[in-house]
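Enquirer: The structure is given below, and queries will be raised subsequently.
The values are calculated or read from the model by the stated rules, or taken from the named source; none is laboratory data. In this text, all values refer to a predicted model and were calculated from it rather than measured experimentally. Cβ placement follows ideal geometry from the backbone for every residue including glycine, while neighbour counts extend to all protein chains displayed.
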Amino acid sequence: MTRLFNRAIPLTFVLIWSTGWIVARYAADFGDPLTFLLLRYVFAGTALLALAIIGRAAWPKNPSAYGHAMLSGVMLHALYLGGVWWAIRHGVPASVSALIAAVQPILTTVLAPLVLGETITARRWLGVAIGVAGLLLVLLPGLAQVDAAALSQQLTEIGINVGAMVAVTCGSFYQKKFVATGDLRTTTILQYTGAALVTLPVAFLLEPMHITWNLTMVLTMAWSVLALSLGAISLYLILIRRGEVSQAAQLIFLVPPTASVQAWLLFGEKLSAPQLLGMALTALGVALASRT
């Protein structure tokens with residue numbers, strides 16, 4: 001049973017994490033992105049605090065552990081999610097944002113030997129190359145529709161998106177190096193605390209902090225908190241703790257293809273034969289790169 005659970009973790013993570021694109025699309029019509037994320041951190045942290053109290057979860061004994069957990073939360077949540085959501089809300093096409101996010105596994109694979117001393121085999125490099133090729137096929141229709149002239153005027157927004165990708169890469173390394181132990185419940189509470197403390201002043205300065213509460217927004221927030229902030233993030237942290245950071249990062253390749261399928265089911269977006277081929281190639285690349 002334990003082995004089956006361990007095998008299900010990567011697939012479950014991809015299925016849940018890919019819904020972040022869908023959530024962002026629903027939330028964009030009814031609220032400011034940073035304000036939405038701020039509330040998401042607060043609600044998720046509060047829910048985890050209740051679970052930690054009920055389960056008598058252990059808090060870190062070393063004072064430095066509090067700072068490490070909060071800083072990793074700033075990188076993994078405030079800078080990454082905040083940067084991506086803000087960039088998309090200000091005009092960066094989702095296909096371009098997805099392509100930028102897909103650089104994370106490549107950057108992680110390049111830096112892993114230098115930062116953590118991980119060994120990157122030829123098979124893993126081949127998997128990365130196949131994953132990139134597959135991802136390009138999946139994103140090609142969206143990229144073809146991008147207005148190059150308009151994109152050239154969005155250099156700031158694209159730069160923010162790139163910075164977000166770098167932040168989550170650094171956050172993953174930091175998590176592995178400095179937050180590799182401890183109760184996940186209390187650690188994640190500290191992460192969301194750090195993310196909220198950074199997001200609050202930025203949202204106050206950049207946004208009117210407006211949220212329109214209706215059934216769609218309530219359900220979107222509920223899914224964001226329960227499935228994404230509690231479920232997917234916990235699974236990602238488990239993957240980092242149990243394996244190499246470069247292996248966990250390869251799963252990000254599967255997120256845009258999975259989100260494309262969800263967009264096809266929910267919004268009627270078309271899926272072409274090259275995109276389906278790209279999904280198969282991406283899956284093959286991740287299988288090669290992540291296999292132990």
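Enquirer: Return the residues of segment 200-216 that are more than 13 Å from residue 29 (Cβ to Cβ), surrounded by 10 or more Cβ atoms within 10 Å (Cβ to Cβ) and among the hydrophobic types (A, V, I, L, M, F, W, C); say none if nothing qualifies.
Expert: Selection gives 200, 202, 203, 204, 206, 209.
Enquirer: Suppose we filter 286, 255, 245 for residues that are of a type outside the set (Asp, Glu), in contact with an Asp or Glu (Cβ under 9 Å, 6 or more places away or on another chain) and within 29 Å of residue 128 (Cβ to Cβ); which single one remains?
Expert: Answer to the check: 245.
Enquirer: Hey, does segment 177-184 have a residue that's crowded, with 23+ Cβ neighbours inside 10 Å, under 15 Å from the mean Cα position of the chain (by Cα) and either modelled with pLDDT of 90 or more or not in a helix (DSSP H, G or I) (or both)?
Expert: Checked against the condition, which is being crowded, with 23+ Cβ neighbours inside 10 Å, under 15 Å from the mean Cα position of the chain (by Cα) and either modelled with pLDDT of 90 or more or not in a helix (DSSP H, G or I) (or both), segment 177-184 yields no hits at all.
Enquirer: Quick one: in segment 89-107, of everything that is over 14 Å from the mean Cα position of the chain (by Cα) and farther than 17 Å from residue 144 by Cα, which residue is surrounded by the most Cβ atoms within 10 Å (Cβ to Cβ)?
Expert: 106
One line per residue, one yes/no per condition, for (1) within 30 Å of residue 264 (Cβ to Cβ); (2) touching a Leu at 6+ places or on another chain (Cβ under 8 Å):
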position: 14; (1), (2): yes, yes
position: 22; (1), (2): yes, yes
position: 33; (1), (2): yes, no
position: 37; (1), (2): yes, yes
position: 45; (1), (2): no, no
position: 69; (1), (2): no, yes
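Enquirer: Same structure again: Here is a list: 131, 117. Which entry is modelled with pLDDT under 85, of a type outside the set (A, V, I, L, M), within 16 Å of residue 247 (Cβ to Cβ) and crowded, with 20+ Cβ neighbours inside 10 Å?
Expert: Of 131, 117, the one residue that is modelled with pLDDT under 85, of a type outside the set (A, V, I, L, M), within 16 Å of residue 247 (Cβ to Cβ) and crowded, with 20+ Cβ neighbours inside 10 Å is 131.
Enquirer: Taking helices (runs of 4 or more DSSP H) that do not extend beyond segment 12-76, which have at least 1 residues that are among the β-branched types (Val, Ile, Thr), at pLDDT 95 or above and touching a helix residue (DSSP H, G or I) at 6+ places or on another chain (Cβ under 8 Å)?
Expert: It comes to 33-54.
Enquirer: Does residue 281 meet the test of being within 30 Å of residue 39 (Cβ to Cβ) and either part of a helix (DSSP H, G or I) or among the charged types (D, E, K, R) (or both)?
Expert: Considered against the rule, which asks whether it is within 30 Å of residue 39 (Cβ to Cβ) and either part of a helix (DSSP H, G or I) or among the charged types (D, E, K, R) (or both), residue 281 comes out as no.
Enquirer: With buried (at least 16 other Cβ atoms within 10 Å of the Cβ), over 21 Å from the mean Cα position of the chain (by Cα) and at negative phi as the only criterion, which of 41, 66, 26 stands out?
Expert: Just a single option satisfies the conditions, and that option is 66.
Enquirer: Determine whether residue 81 is closer than 17 Å to residue 17 by Cβ, of a type in the set (A, V, I, L, M, F, W, C), crowded, with 18+ Cβ neighbours inside 10 Å and modelled with pLDDT of 85 or more.
Expert: yes
Enquirer: Right, next: With respect to residue 277, is the statement that it is under 16 Å from the mean Cα position of the chain (by Cα) and modelled with pLDDT of 80 or more true?
Expert: no
Enquirer: Is it the case that some residue within segment 162-171 is part of a helix (DSSP H, G or I) and surrounded by fewer than 14 Cβ atoms within 10 Å (Cβ to Cβ)?
Expert: The answer is no; no qualifying residue exists.
Enquirer: To continue, here is another question. Kindly list the number of the only condition in (1) farther than 16 Å from residue 165 by Cβ; (2) in a loop (DSSP other than H, G, I, E, B) that fails for residue 127.
Expert: The one condition residue 127 does not meet is (2).
Enquirer: What are the residue pairs meeting all of these: first residue in segment 97-114, first residue under 22 Å from residue 177 (Cβ atoms), second residue among the hydroxyl-bearing types (Ser, Thr, Tyr), Cβ atoms under 6 Å, and 6 or more apart or on different chains?
Expert: What qualifies is 104/169; 107/169; 108/169; 108/246; 109/246; 112/246.
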